[in-house]
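What follows is a short report on a single structure.
Just so it is clear, none of the values below were taken in a lab; they were calculated from the coordinates. Keep in mind the model is a prediction, meaning the values are calculated, not measured. We place every Cβ from the backbone using ideal geometry, glycine too, and count neighbours over all the protein chains shown.
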Amino acid sequence: MTAGRKSKKKKKTSRVAGDGLRLQIVIAGVVLAILSLAALYLIRGPQINRPVGLTVDQVIDDMAVEVDSLLLRSGLTLDQVERQREPGLLRYDVRGPAPTPEAFDRLLARMKLRVHGITEQRQTQTSEITYYWQGGLAMVLKFEVGEQPPLPLPVPFPVSALPRVAIIMDDLGRSIDKAKQLLDLDLHVTLSILPGEPQAYAVAQFANRRSQEVMLHIPMEPKDYPQTNPGQDALLLGQSADEIRSRLELMLSKVPKAVGANNHMGSRFTEYADGMKVVLQVMHQKNLFFVDSRTTARSVGVLEAERAGVPVGVRDMFLDNVAEVEAIRGEIRKLVRLAKRQGGAIGLCHPYPETLTALRKEKDLLRSGEIELVFASALTH
């Protein structure tokens, strides 16, 4: 009996020793793994947040979506923005003032939601902003340096359950047939009618009968006036407040039941605070809304609309700068993606045959239920 107890005791002691040895081996393995990871970190840099399979060019594409959105929403036009793409790097040269620091704070926050590991460095003296991904340079934004006021914050969109898209067709009034083709698409597209066109009144009446939203497309002085003519009875610098008011009243009489307005051309006039103040005061008196077509980054349209108490929106994209069906279809899809990112988006287009065809081909997307196609008034704030 004594020999048996001693044998069991030896076996138990042996098991305990074996368990302890195995525990030591496990601990040593864990320590070795930690040391290996630490060494890898020191050699390769911080790789923990890098998504599996994501390349720097894919990250840059995601970042560019947010940057393009900010620049367009801030009122810069495509011809003011030059992009230079290199492997692993995207450079922006912007001929215009930079948006506000608050706007760039929001931009960085949105980028970080899309991709981990993005950092930013701002050089205020040179108006240059650089973005890094996982410590490597990925994007450079350089803005025109000069004594220019910063661009205003983008106008917010009203809160909605679905992203909202508004499409405004400008330059209508020359042909009742073009308006019929548009309305036969059975889409919520806002008609913006030039008051000096021969069929302006008839087009407005026709749209009203079809319960389509109508806007006044106000001709305003462009920067290359008089080489470029904005149209009959346009609003020009140098006109008195009374003349601006009377011309605007006459325009409104030619477009019955217009509920809002946007500018036709106007790259010079929309920078003219005294003139825009009169325009927005008239619109306030008549309970109209205003959409700034943003033909210049220095437009005061939004500021004067807010001062006058006029609901205001801002053009996000021109859809048919390239009058080709597939190019316009691509811009419509881009507008939808933009609306999904920022809650809403306003696109401007023209009664080109190619634009009407592109809208027809994109009806399924615009009616898919992913977004809500609304009249322009729904995206004023």
What distance in nm lies between label points placed 7 Å from Cα along the C-beta direction at GLU370 and HIS284? 4.1
Taking every other residue with Cβ under 9 Å from the Cβ of VAL336 and scoring Lys and Arg +1, Asp and Glu -1, one gets +2
Under a Cβ-Cβ cut-off of 9 Å, what is the net charge of the residues other than LEU172 that fall near it, where Lys and Arg count +1 and Asp and Glu count -1? -1
Among the listed pairs LYS178/LYS334; LYS178/LYS223; LYS223/LYS334; LYS223/LYS286; LYS223/LYS340, those beyond 31 Å (Cα-Cα): LYS223/LYS340
Using a 7 Å offset from the Cα along the Cα-to-Cβ direction at both ARG298 and LEU187, what is the distance between the two label points in nm, to one decimal? 3.6
Gain on full stretching of the segment that runs from ASP224 to GLU120 - 0.36 nm per residue minus C-alpha separation: 33.6 nm
For ARG85 and LYS257 in one chain, what is 0.36 nm times their gap in residues minus the Cα-Cα distance, to one decimal in nm? 57.1 nm
What's the extension gain from GLU326 to TYR201 if we count 0.36 nm per residue and subtract their Cα-Cα distance? 41.8 nm
If amide H atoms are built 1.01 Å from N in the plane of the peptide, which residues on other chains or at least 5 residues away come under 5 Å of the amide H of HIS381? VAL312, GLY313
Computed label-point distance, nm, for sites THR357 and ASP105 using a 7 Å Cα→Cβ extension: 4.9
So for each of 241-253, 81-93 I average, over its residues, the number of other beta carbons within 10 Å; can you give me the resulting order with the highest mean first? 241-253, 81-93
Cut-off under 15 Å on the C-alpha distance; same-chain residues fewer than 8 positions from LYS112 excluded. Which aspartates and glutamates are left, in chain and number order? ASP61, ASP62, GLU66, GLU120
